Ligand SMILES: [Zn+2]
């Protein structure tokens, strides 16, 4: 049986920034730091019980590397496919609940508290907003999100809903 991506924590190496963003969009917990050194990455994976996602075969051979998934492709859609062959994503229920910039779980936020922080036409046309309490980014639905969901559905395929 496949492992569940949404019940697992990951840390990605610097070459997997795009994959990280898309996994976060799907709701998967992926830590990422573009400038992290290999040693720190490996230590953090150990101490936070995270699976290492890497494109770097030399990392995999290092001492102390625990559970990891080596990603071969350089292309996002193929990377996602490699990922979901091992770690299943069977629902988009948790999609758009995590900050794509910093991996924090978003908080729902009242529309009234946001005036002045987002464009007026967005305030007028949208009702649901989520806020990242760590980096301050505000999220709402819209065409970006529809496109993103379409892409995820296409790539991930066998979703329950
Ligand atoms: Zn954030």
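One table, with the values for the structure above:
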item	result
Any hit, region 16-29, residues being surrounded by fewer than 17 Cβ atoms within 10 Å (Cβ to Cβ) and away from the ligand (no atom under 16 Å from the Cβ)	yes
Failed condition for residue 68, given (1) within 14 Å of residue 24 (Cβ to Cβ); (2) in the same structural domain as residue 48 (by TED's automatic domain parsing); (3) buried (at least 18 other Cβ atoms within 10 Å of the Cβ)	(1)
Residue satisfying condition, being surrounded by fewer than 17 Cβ atoms within 10 Å (Cβ to Cβ), in the same structural domain as residue 21 (by TED's automatic domain parsing) and more than 16 Å from the ligand (Cβ to nearest atom), within set 93, 78	78
Counted residues, region 101-114 - those being part of a loop (DSSP other than H, G, I, E, B) and either away from the ligand (no atom under 13 Å from the Cβ) or within 12 Å of the chain's Cα centre (by Cα) (or both)	5
Qualifying residue in region 19-31 (condition: at negative phi, assigned to a loop (DSSP other than H, G, I, E, B) and free of Cβ contacts under 8 Å to residues at least 40 places away in the same chain)	no
Among (1) assigned to a helix (DSSP H, G or I); (2) modelled with pLDDT of 95 or more, the one test that residue 77 misses	(2)
Meets criteria (under 18 Å from residue 16 (Cα atoms) and modelled with pLDDT under 95) for residue 122	no
Condition met for residue 98 (out of contact with any strand residue (DSSP E or B) (no Cβ under 6 Å at 6 or more places or on another chain), within 16 Å of the ligand (Cβ to nearest atom), closer than 24 Å to residue 20 by Cβ and modelled with pLDDT of 90 or more)	no
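Rundown of residues vs (1) part of a strand (DSSP E or B); (2) touching a strand residue (DSSP E or B) at 6+ places or on another chain (Cβ under 6 Å); (3) away from the ligand (no atom under 16 Å from the Cβ); (4) under 21 Å from residue 9 (Cβ atoms), yes/no style:
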position: 65; (1), (2), (3), (4): no, no, yes, yes
position: 73; (1), (2), (3), (4): no, no, yes, no
position: 84; (1), (2), (3), (4): no, no, yes, yes
position: 135; (1), (2), (3), (4): no, no, no, yes
position: 139; (1), (2), (3), (4): yes, yes, no, no
position: 147; (1), (2), (3), (4): no, no, yes, no
position: 152; (1), (2), (3), (4): no, no, yes, yes
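Each row is one residue, and each column tells you yes or no for (1) surrounded by 16 or more Cβ atoms within 10 Å (Cβ to Cβ); (2) touching a strand residue (DSSP E or B) at 6+ places or on another chain (Cβ under 7 Å); (3) closer than 15 Å to residue 101 by Cβ.
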site: 4; (1), (2), (3): no, yes, no
site: 9; (1), (2), (3): no, yes, no
site: 32; (1), (2), (3): yes, yes, yes
site: 55; (1), (2), (3): yes, no, no
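The values are calculated or read from the model by the stated rules, or taken from the named source; none is laboratory data. Quick caveat: nothing in here was measured; it's all calculated off a predicted structure. As a convention, Cβ positions derive from the backbone with ideal geometry for all residues, glycine included, and neighbour counts pool all protein chains shown.
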